[in-house]
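Quick note: the coordinates plus some simple rules give every number you see, no bench work behind them. The model shown is predicted, which means the values in this text are computed figures rather than measured ones. No Cβ is skipped: glycine too gets one built from the backbone with ideal geometry, and neighbour counts run over all protein chains shown.
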Amino acid sequence: MEHAEILHRCFRCGYCKFPDNYVDLNCPAYLKFRFETYSPGGRMWLLRGLLKGDLQPSARMQEILFSCATCGNCVNHCTMTGFKDLLLEAFTAGKEMLVQAGKLPPPVRDYLTPLLEHGNPFKLPAKKRGAWAAGTAADLYSNQEYLLYIGDVGSYTDRGRAMALSVSELLGRLGVSFGILGAREISDGNDARAMGEKDLFEELARRNLDLFRSAGIQKVITLSPHGFHALKNGYAALGGELQVFHYTQILAKRINKAAFTTPEPPLKVCYHDPCYLGRHNQEYNAARKILFSLPGIQLVEMERHRQNALCCGGGGGNFFTDILGGGADAPARVRVREAAATGAQVLAVACPICANMFEDALKVEGLEDRMHVKDISEVVLERKISS
Amino acid sequence: MESIKAKLAKIVGPDYVSDQPEERYLYAMDPGTMPPRKPDFVVLPENTAQVAAIVRLANMEKIPLVPMGAGLVLSGLTRALKGGIILDMKRMNRILEVNEISRYALVEAGASQGMLQAHLKKHHPGLKHSMPDAPPMATLAGNVLIHGSGHLSHAAGFHSDMLNGLEVVLPSGEIASLGSCAVSPAWFARAPLPDLAGLFLGWAGTTGIVTKLAIKLYPRYKYEDILIFVADKPETVPDILYRITGAQIAEDITAWMTPKPLWAKGFQHINITFAADSKEELIWKRNLLRAAVKPYLESKEAGFMPLPPPMKHRFLQVPASDLARFADIKKGGGFEYVGAIMPVDRFPRAYQEGLNIAERFQAAYSLGARIIGVNHCMMFFYAYAFNRADAADVERAQQALEATNTAVLAMGGIPWKAEEPAQKQILAKMNPQMLGLMNQVRAMLDPNGIMNPGNWEVN
């Protein structure tokens, strides 16, 4: 197993469970399950036990390892500067070991198998990928400046499609030259990699890179922070030479060019930092810059924000496997309660997975009357943009 | 017949009980050197009623119970020495009340140091509690119950001295309130009643399971500062500490002696933290502290270390994450220490013994002391790092710890939160009547011997 040499170096001090100010538990899996085994330190020691033969790759071990949301809170808050940057890599290597041994929780298998067979985890045909764009001005990619890469969740879930529509419309209104791949789009593989399916990730990455090269694509805007992370970092390691942007980064550069027609009623908004945009790529300002630019918006921060944001619980493939779902301590439910406590009317997101997770959580928490989940682009469009 | 696991699941819910190999493996150990001792079950109770129901079940079934907070004691006190059920108390982490005027906080037993610190900073910025040097996950209850100490211990003593009252589930399953809360809705003091809280302080969970506690809070001043006084003759340190503590200005006074970095080797550094409501008051306090050690300054026998602001900030950080990093100095993930409660006049000998033991066992060490009260005693610590992946190195650290415990007792000190072998050393030296009384108390409270058995036992 890669990074096995760091496992014994974890002291299990527990800083990894917290945000900077220790206000509450910030490791999604530990928050949900509360056994030490589900904490980052517990996972380090269990992996060591597994390698030593003291433990077996049991169903419980599988659940523990695959419950990691890869949110990166542990990396941010671990005190051990000598190896903290390798924590998530070690957890992913542990999952890879189980994948190679065929020891997977059924929901993980149910994600990976259709991804391998259908190119997406929803078992839906590729031709439906671009269905969200029917009747819109979004053209197929043909030498425009940017490719708008939508990804699995943006293409195949209702909430994701609505977000894709909104982002596409706003980019168009702001004069961004972009095209989409529609049915030719291939899964970015980010969550497959997070689940330890390195070979599948590399296969998807190569196919995507070949497709981008053959189409002459050099600049990519992604809808999802997960795709952003994969294309920007994972693909670069495989020879990709793309310029990759999350859509909020493009909007942040262009938003000052937008004119808003009328004074708008005040709207209190709090913003949830997606893990793959924030902690993984240190992009905390783009979405805030957009919100600050809008008339009538009052941005309020949740107690845990930026590098301290609590993950929605959908990362690391957990959106698909739902290992972290259920119960009052499910991260998404805790997070929407925290958002509601700010008094905000809108919980703004920049990730289709977060959007799905939080909309479900709002319903379960009975907070739908007090708060709505909106993508950043939806917030902008509702401000009566005139250009 | 219904299994124990099924009965536990009925009490806490199926998601919060485990007899799986993974939980049994991990909860068998803490980060120190003590060998693993596996529990049969791990349960996560959510409230006092559930704890009481678990205790009643354990009594009926004669199953050992081991209460656990964050499991950070390092001396293995939360290992299940005779199997049984570990109660991980951290789901009970609510902060129930902060009485600002009477300066106390009422919390559940699984509430962490970090969460109370954050809560007070946000909702009661004029108050703070005494934080130990443990990581923020450490529980308030755990630290109070082991007679911990912390950043206000010069001003206010052991953390057990800061205890106002307890709710405790007795080994019978009955729930007792101790302190003012026994007769009043307020948790303001242990006086003037018979002080039964002592039946649960320092007993390592062998007399009951604490489920709530109230602790004293103290003013959080607007300005804080630190001075570091440096000496190179350990025999001068008790007098220096006597003078500094006599000023009664500081909140916390700690000494540290370490071979690395090289500039620190051979010196005794005394950190003195103090705080004030205004800059003028802070300067006045600083001057009083300087005046307290004037003879040493004039003779140039010792002096204050210049501190650049970033270094000052690091020393004032509470909790100090730097401390946990001691575990990684050998890239081995482990350290354990003997914290010896002893009179301050033993400092020179304690220091020399530390150097001798470290040399004898070739141990990577760090020595230090926290002053409790106005020089009333100190917690002198001998910390040894070890490589968890190297069995011989772990054994070497164990031997160094054992030798340190022996030396501490010979000096007239007492190992704090003593691990199982150290408990036996203490009991061997203990006044027989006290030992007899301890055994009588335990037999009366816990006739079935289910409470963390193996601790405070001769055999």
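With no solvent and one equal point scatterer per Cα, compute the Debye intensity ratio I(q)/I(0) for segment B:223-318 at 0.11 Å⁻¹ and report its log10, rounded to two decimals. Taking Cα atoms of segment B:223-318 as identical point scatterers yields -0.30.
Would you mind getting me the FRET efficiency between B:ARG56 and B:LYS122? Use the beta-carbon distance for r and R0 = 45 Å, nearest 0.05. E(calc), rounded to 0.05, equals 0.75.
Peptide A:16-24 is shielded by partner chain Cβ atoms: per residue, an average of 6 of them sit within 10 Å of its Cβ. Classification of the protein assembly as shown by its C-alpha gyration tensor yields a prolate form. The axis ratio a/c (a ≥ b ≥ c) is 1.5 or more, and a/b outweighs b/c.
Per-residue ellipticity at 222 nm computed for the protein assembly as shown from its helices equals -10500 deg cm²/dmol, with DSSP H segments shorter than 4 residues left out and the rest contributing -39,500 (n - 2.57).
In this structure, the residue pairs whose Cα-Cα separation is over 32 Å, taken from A:LYS84/B:LYS128; B:LYS5/B:LYS429; B:LYS300/B:LYS331; B:LYS10/B:LYS417; A:LYS32/B:LYS128; A:LYS232/A:LYS289, are B:LYS5/B:LYS429; B:LYS300/B:LYS331; B:LYS10/B:LYS417. Seen against the Cα atoms of chain A and their longest principal axis, helix A:198-215 is set at about 30 degrees. Each peptide in B:248-255, A:201-208 receives the mean, over its residues, of other Cβ atoms within 10 Å, and ordering these scores from highest gives B:248-255, A:201-208. Against chain A, whose longest principal axis comes from its Cα atoms, helix A:158-173 is set at around 40 degrees.
Comparing Cα centroids, segment A:89-160 and segment A:179-230 end up 9 angstrom apart. Hydrodynamic analysis of segment B:306-434 uses the Kirkwood radius over alpha carbon pairs. Inserted into Stokes-Einstein at 37 °C and 0.692 mPa s, it gives a translational diffusion coefficient of 208 µm²/s.
Eigenvalues of the alpha-carbon gyration tensor of segment A:259-373, scaled by 5 and square-rooted, set the equivalent ellipsoid semi-axes at 24, 17, 11 angstrom, largest first.
Taking Cα centre as origin and charging only the Cβ of basic (Lys, Arg, +1) and acidic (Asp, Glu, -1) residues, the dipole magnitude of segment A:252-387 rounds to 580 debye.
Per-residue shielding of A:54-61, expressed as the average number of other chain Cβ atoms within 10 Å of the residue Cβ, stands at 3. Projecting the Cα atoms of B:GLY368, B:GLN425, B:ALA385 onto the charge dipole of segment B:356-428, computed from C-beta unit charges around the Cα centre, puts B:GLY368 farthest toward the positive end. Cα centroid separation, segment B:288-323 to segment B:90-144: 28 Å. Look at where the Cα atoms of segment B:40-80 and of segment B:149-163 average out, and the two centres are 27 Å apart.
Would you list the membrane-span-like helices of chain B, meaning whole DSSP H runs whose alpha-carbon atoms span at least 27 Å along their axis and whose mean Kyte-Doolittle value is at least 0.5? TM-like helix candidates: nothing returned. For chain B, the relative contact order is 16 percent, taking Cα pairs closer than 8 Å that sit 6 or more residues apart in sequence and dividing their mean separation by the residue count. Only the Cβ atoms of Lys and Arg (+1) and of Asp and Glu (-1) were treated as charged; on that basis the dipole of the protein assembly as shown about its Cα centre amounts to roughly 760 debye. Here B:GLU97 and B:ASP277 are evaluated by their C-beta separation; at R0 = 22 Å the FRET efficiency comes out at 0.30. If you take the charge dipole of the protein assembly as shown about its Cα centre, with +1 on Lys and Arg Cβ and -1 on Asp and Glu Cβ, which of B:LEU26, A:GLY14, A:GLY216 is farthest toward its positive end? Among B:LEU26, A:GLY14, A:GLY216, the one farthest towards the positive end of the dipole of the protein assembly as shown is A:GLY216. Listed from fewest to most Cβ neighbours within 10 Å, the set B:LEU87, A:LEU251, B:LEU152 follows the order B:LEU152, A:LEU251, B:LEU87.
Along the charge dipole of the protein assembly as shown, Cβ charges K/R +1 and D/E -1, which of B:GLN117, A:LEU299, A:ALA355 sits furthest on the positive end? About the Cα centre, the residue reaching furthest to the positive side is A:LEU299.
Relative to the longest principal axis of the Cα atoms of chain A, the long axis of helix A:331-341 lies at roughly 50 degrees.
Here the mean projected area of the convex hull built on the C-alpha positions of chain A is 17.9 nm². The gain in end-to-end length when the B:VAL183 to B:LEU262 segment is fully stretched comes to 22.7 nm, 0.36 nm per residue minus the alpha carbon separation. Comparing mean-square fluctuations of A:LEU148, A:LEU170, A:LEU223 from a GNM of chain A with C-alpha springs under 10 Å, the top value falls on A:LEU170. Using C-alpha pairs under 8 Å with a sequence gap of at least 6, the mean separation divided by the residue count of chain A gives a relative contact order of 18 percent. Once Rg and the Kirkwood radius are both taken over the C-alpha atoms of segment B:66-122, their ratio Rg/Rh works out to 1.10. Counting Cα-Cα pairs of segment A:233-323 in 10 Å increments starting at 0 gives whole-percent bin shares of 14, 35, 33, 15, 3. Ranked by the mean number of other Cβ atoms within 10 Å of their residues, highest first, the peptides A:300-306, A:178-184 fall in the order A:178-184, A:300-306.
Relative to the Cα centre, the charge distribution of segment B:216-275, modelled as +1 at Lys and Arg Cβ and -1 at Asp and Glu Cβ, gives a dipole magnitude of about 160 debye.
Compactness of segment A:83-236, taken as the C-alpha radius of gyration over 2.2 N^0.38 Å, stands at 1.08. Treating only the Cα positions of chain B as identical point scatterers, give the base-10 log of I(q)/I(0) from the Debye formula at each q in 0.09, 0.14 Å⁻¹. Evaluating at q = 0.09, 0.14 Å⁻¹ gives log10 I(q)/I(0) of -0.60, -1.42. Would you work out the relative contact order for segment B:95-230, in percent, from Cα pairs under 8 angstrom that are 6 or more residues apart? Worked out over segment B:95-230, it gives 28 percent. Spin-label pair B:GLN362-B:ASP195: with each label point 7 Å from Cα along the Cα-Cβ axis, the two points sit 4.8 nm from one another. Considering all different alpha carbon pairs of segment B:1-76, the Kirkwood hydrodynamic radius works out to 13.2 Å.
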